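The structure under discussion appears below in the form of C-alpha cells.
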C-alpha cells in the first residue's frame, strides 16, 4: 500500500490535471486513508483493488452490437452497389448511385445531431433501442424495395440509426466501464465496427453471381439490430445518467450490477464529486456554442474534423483502383483493407490503457502523415511502374492500420471522458455531427479534387492535415488514462 501511496503522491505533484501542495508522507497517508476509507476492508489497511472487468464486459459486448451495425451498413453498399443499380434500374447513373451513399450520411448527420437530446431524455439503454429501430425498419425497406426511392428511404432510416449509435456507445462505454479498463473497452467498439465492415464485405461477395443476394445482405442486418434492442433490456443503465436524473438509489443498484457490492460506496462517493444529481439543471445550446463550455466543444469538434481531413475515407474510396492496378481483384482488396483495419483496432485495444490515449493519437497521426507522404511520392513522376504500385499498395495498408491504432478509436473515447457529465451527451452530439459534415464533403469533393490537382498534391495536403492534427493534439489534448470521469471533470471543468 505504501508503494501505491508514493506513486500516487508523485503523480499528484506532476500530473497535468492536479495542483496539490507538497505535504509530508504521514500527512498524505492520513489524508489518503480518510479520502479513500471505503477502499479498505474493515480498516485493516488492505486495499480492495480494482473491480472485476467481467461484470461490466457483457454489457459492453451488447453495446458493441451498435458499432458492429454501424460498420456493417457503412460497408454493405461497397460490394452490392452494382447489383442494386442493375436490379433497380439506375445502373450507370452516377448521381443515383451517389445518393444511395450520401442519403445514408445525411441520415447519420440527423441521428448524430439528435443523439445528445435523445440519450439525456430517455437514458442510454432506451437510446440504444431507438438506434436499433430505424436500422431494422430501414433494412427491411431496402431489402424489399423495387425502385430507387424505396432504397433511398431505407438508407435514410438506416443512416439515422448509424448516427445515433456511435454517440450512445461512446457515452455508455465511458460511463459503465471500470476506470482501469475504460480505454480497452472503448477500443472494443472500434473493433466491432471493423468486424461489421469486414462482415459486410464477405457477405456481399456472392452478390455479383447470385440474383437478389443484395436483398439478403440487408435483411441479415435485422438480426443483430433486433438482438441489440432485446438484449439491452437486460443490460445496466448508466449510473451516471441515473444520478444526474436524481435517481440515486437506482444508480447504486446499477453500480452493484456493474462493479460488485464492495465498490458501490466508493463509486457513489466519486460520482458525487463531479455531478450534483440535479435533473432541473439542463444545459442550453448557447452554453455549448459560446458559453463556458465553448472551448471544450470547439476542441472536440476540431478533433473530429481533423480525423476526417486526414484523408482516411479518401483512402477507402481510392483503394480498390490502386489494388486493381496491382492486379488484385476488388473483393480481395477490400478484405485486405478490412484486415489492416481490424488488426490496427486490436492493437489499439491492447495498448489503450497501457500507453494512453494521447500517445496513441500523436503516434497515429504522425504515422499517417508519413504514410500519406509515401502515397504522394508513389503518385509523383519520380517513381513509375511496379515500384510505384507496390509503394501505393503498402502505404494504403499502413494508413488504414495506423488510423485504426489511434485516430479512429481515440476521439470518441477521449471526448466522452473529458466532457463534464452535465454536457457530455449534447457536446458529443455536436462533435460527432462535425464528423459527418466533414465526411460528407470529403466524399463529395475527393474525386473532383483528384482530377483537378492530381493525387500527388492531394495526398500531400492530407499529410499536412495529419501534421496539423499532431500539433493540435500536442497543444490541446490531455491524458485521461487511469483517471475516473469525476477526476477528469473536476480538473478540466471551466470556472463559472
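Some points to look at:
- Residue match in the range 71-92 (condition: farther than 20 Å from residue 213 by Cβ and part of a helix (DSSP H, G or I)): no
- Tabulated pairs, the range 128-147, first at negative phi and part of a loop (DSSP other than H, G, I, E, B), second crowded, with 20+ Cβ neighbours inside 10 Å and at pLDDT below 95, C-beta under 6 angstrom, 6+ apart or interchain: 145/151
- When every residue of the range 281-296 is checked against the conditions, at least one turns out to be buried (at least 20 other Cβ atoms within 10 Å of the Cβ), modelled with pLDDT under 90 and outside any helix (DSSP H, G or I).
- Residues that are in contact (Cβ under 8 Å) with a residue 24 or more places away in the chain and surrounded by fewer than 19 Cβ atoms within 10 Å (Cβ to Cβ), drawn from the range 429-446: 437, 438, 440, 443, 444, 446
- Among the candidates 110, 101, residue that is surrounded by fewer than 21 Cβ atoms within 10 Å (Cβ to Cβ), in a helix (DSSP H, G or I) and at pLDDT 90 or above: 110
- Test: residue in the range 242-258 that is under 17 Å from residue 72 (Cα atoms) and loosely packed, with under 15 Cβ neighbours inside 10 Å: no
- Boolean, residue 171 is free of Cβ contacts under 8 Å to residues at least 40 places away in the same chain, closer than 29 Å to residue 428 by Cα and in a helix (DSSP H, G or I): no
- For the range 324-348, a residue qualifies if it is more than 16 Å from residue 396 (Cα to Cα) and surrounded by fewer than 19 Cβ atoms within 10 Å (Cβ to Cβ), and the qualifying residues are 346, 347.
Each row is one residue, and each column tells you yes or no for (1) in the same structural domain as residue 58 (by TED's automatic domain parsing); (2) buried (at least 23 other Cβ atoms within 10 Å of the Cβ); (3) touching a residue at least 24 places away in the same chain (Cβ under 8 Å); (4) not in a loop (DSSP other than H, G, I, E, B).
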{"residue": "152", "(1), (2), (3), (4)": "yes, no, yes, yes"}
{"residue": "157", "(1), (2), (3), (4)": "yes, yes, yes, yes"}
{"residue": "197", "(1), (2), (3), (4)": "yes, yes, yes, yes"}
{"residue": "210", "(1), (2), (3), (4)": "yes, no, no, no"}
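The values are calculated or read from the model by the stated rules, or taken from the named source; none is laboratory data. No experiment lies behind these values; they were computed from the predicted model shown. Methodologically, a virtual Cβ is constructed for each residue, glycine included, from the backbone with ideal geometry; neighbour enumeration extends over all protein chains shown.
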